[in-house]
Structures are given as C-alpha cells and as structure tokens.
Amino acid sequence: MGLVQEVGTFESTGGRKAKAFAPVRNARYAVGLEITQNHIGAVLADLSGELVRFERKKRPFERSDTYAEMLAGIVQGLIEKEGCPVEKILGVGISLPGILDKEGQTLVYSHALGLRNVPTEEFSRYIPFSCRFINDANAAGLAEVRDLESPRSLVYLSLSNSVGGAILTGGALYGGDHLRAGEFGHNTLVPDGRPCYCGKKGCLDAYCSAKVLSQLTDGNLALFFDGLRSGNAALQTAWNEYLSYLAVAVNNLRMTFDCDVIVGGYVGGFLAEFGEPLREMLVERNTFEPDSSYLKFSRYRLEASALGAALLHIEAFIQNL
C-alpha cells in the first residue's frame, strides 16, 4: 500500500538482525482547523502525525456563507502551498470552542461564538473533503498525547481566552454523560468571587483565562510576558497572583484524578519559561509528598487544537487499515 518503508536494522540480540520500518510520512496528509472567536488556525499533518505546516489568521467569527467559503479557501491554500496531491488528503478536522453532540453533527452550545444548536455542516459545507468535528480543548489534549510511548491516563488543562480541558484514560477521551467532561473552567475556585462569562461567580475561568493577563497589555498576551522579561513590577505582581490561583486548580486536578496534569493553551505555551514558581507552589500544596513532577508543560503555543483535529483523520485511517 506504500505506507511503510524499511529504514534499517536493529542491533542483534543473538540471531538475525530485525528490520526497522517507519511510516512513509508523505503517503497521506490531514488538515486541521481551529475556529476561535477572533482567529482561525490551520495545520497540515503527515501520516505520522507530525506538523508539516501551520498558519494563523486573524478573522472574527461570523455566521455567514462568506466565512464558510473562507474556511474552504484556507484549506485549499494550505494544501497548494505544500504541493500535496488532493488524493493524499484524508480529510479535515475542525475544532470548535463549545460542546458538540456525540455524532459531531451539532454544535450544542458555544458561548465564544454565540451559537446554540447549530449544524456543524455550516462550517464545512464548502470544504471538498470529509470533515470531523471536536471540542477545542479535547483536540489539544489529543495532540499532547499523540506520541506517548504507552497510552495512560492524564488531564489536560487549557488556559486560552477561556479555560477548558480534557480527560484522557488510556489515551482515549472521556466525555461524560453529556459530553461536558473537562469543563474545568467552570469549577468554582472562589465562592461568590469574580463574575464569569457563564453568569456564575467565582469560576476558574474568571481567574485563569489568558484574558486575565492580556487585558493588562492591551489584549496582547505576548506583550505581557515581554513585560515580565523586562522586569515590570506590576505585571510580576499580577503573574504571581495568577499562579497562586492556578496552583489551587492544578492541585485540585491532581487530587481528583491522581495522574499527570498537562497545562497548555495560550498561557501554557509560556510556562516552560515562566512556570517554575508554579512548581514550587504545587510542592507546598501536595497533600501526600513534596512533589510536582506530575505537572507537564504543553509542547504547543497556538497549534495544538488544530493539530488534534487533524489527528482524528490520521488515527481513523490507521485503525481502519
């Protein structure tokens, strides 16, 4: 089928050397789209799940034919720029900021996009490939676990312009009875605290979304962290407060699920550089041992959800061989 190739041999353990095989990476591709309130992310991934190309375009969401046609144009442009034959495209995965039904045919609710009970076909109607849909945080969680040596349970916490997450057991997503599992942003962090966009008070989202930080630098999150690098005292104070709330949330996830916790999303992409104080706070909060090694920082800054959506097609293709 032209999907694998011999790439050498392993060292002998006493008999004939075993041959080593690997995927023919360019045998198939999948496209992933991430739709947000103000941006569209697009990736092209190869058969091994590696990122081939990533683009991000600023474009406010609107429910219109023009927007849907533009999504199709982004897909087509991505494929053409890489020079991929259309017959090698497995399909397009689309991540959405909201709750989907089990069949992925209806976006049940999305506060970010201001939608309720909208057919997902509205997003894909001009895309000439098979399309699959997934919640954005679930997609990002799948991207984070895609090349782990063995499937295991873990929790993914997404800190973007809203806070979400994913629960993975044995490498598979746990959705819950109503496909709302992982809505960590609406765990109550401070009873009767700050107002949340959901209408309640004290939600984790109100304390740990990326907007909490970016609103201090004219809506630009990167500028916030530039300020930390330059020693801005006011921004450092805000960051310390942010981490103190985040430490409570992460510790609660650890105590609840007793597994690794990956922190990703827009803020998660900066934690490798700025997250060491968070580890120290988690050591102090850990009930059982002075340890925070379970905390893992995201490998991605912006492309995780789009990549995870593309992986839906790659995994389905491999499983059906």
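How big is the gap, in Å, between the Cα center of the range 191-267 and the Cα center of the range 76-121? Centre-to-centre distance over Cα atoms comes out at 28 Å. Overall shape of the range 1-41 was characterised from the C-alpha gyration tensor. The equivalent ellipsoid obtained from it has semi-axes of 40, 13, 5 Å, in decreasing order.
Of (1) 225; (2) 161; (3) 171, which is the value of volume of the Cα convex hull per residue in Å³ derived from the coordinates here? Only one listed value fits the structure, namely (3). Volume per residue of the convex hull around the Cα atoms, evaluated for the range 159-222, comes out as 101 Å³. Evaluated with a Cβ-only charge set (Lys, Arg +1; Asp, Glu -1), the range 90-173 carries a dipole of roughly 80 debye about its Cα centre, given to the nearest 20. Projected onto the charge dipole of the chain (+1 at Lys/Arg Cβ, -1 at Asp/Glu Cβ, origin at the Cα centre), which of 293, 255, 83 gives the Cα projection farthest towards the positive end? Farthest towards the positive pole: 83.
Residues of the range 38-75 falling in the label zone of residue 197, defined by backbone nitrogen less than 11 Å from a point 7 Å along Cα to beta-carbon, are 38.
For the range 164-204, list residues with backbone N below 12 Å from a point placed 7 Å from the Cα of residue 315 toward its Cβ? 167-175, by backbone N distance to the label point. As a fraction of the 1.4 Å probe accessible area of the chain, surface on carbon and sulfur atoms comes out at 48 percent. Model label points for residue 116 and residue 38, set 7 angstrom from Cα along the Cα-to-Cβ axis, are 2.6 nm apart. Report the FRET efficiency, 1/(1 + (r/R0)^6), for residue 252 and residue 50, where r is their Cβ-Cβ distance and R0 is 25 Å, rounded to 0.05. E(calc), rounded to 0.05, equals 0.15. Taking each residue as 0.36 nm, the span from residue 22 to residue 288 lengthens on full extension beyond its C-alpha to C-alpha distance by 91.5 nm.
For the range 135-260, the pair-distance distribution built from all alpha carbon pairs, in bins 5 Å wide starting at 0, is 2, 11, 18, 20, 19, 15, 10, 5, 1, 0 percent.
Rg of the Cα atoms in the range 20-160, relative to 2.2 N^0.38 Å, amounts to 1.07. Heavy atoms of the protein chains alone define the surface here; on that basis the chain has 49 Å² accessible area per residue at 1.4 Å probe size.
In plain terms, if you count all Cα to Cα distances in the range 89-157 and split them into 10 Å steps from zero, the share in each step is 19, 43, 29, 8 percent.
For the pair residue 273 and residue 174, how long in nm is the line joining their label points, each one 7 Å along Cα→Cβ? Label-label distance for residue 273 and residue 174, simple model: 3.5 nm. For the range 214-315, what does the alpha-carbon gyration tensor say about shape, rounded, prolate or oblate, given a ≥ b ≥ c as the root eigenvalues, a/c under 1.5 as rounded, and a/b over b/c as prolate? Judged from the Cα gyration tensor, the range 214-315 comes out oblate (a/c at least 1.5, b/c at or above a/b).
The values are calculated or read from the model by the stated rules, or taken from the named source; none is laboratory data. None of the values given here were measured: they were computed from a predicted structure. Virtual Cβ from ideal backbone geometry, glycine too; neighbours counted across all protein chains shown. Remember, those area values only see protein heavy atoms, side chains included, never the ligands or the DNA or RNA. Shrake-Rupley method; radii C 1.70, N 1.55, O 1.52, S 1.80 Å.
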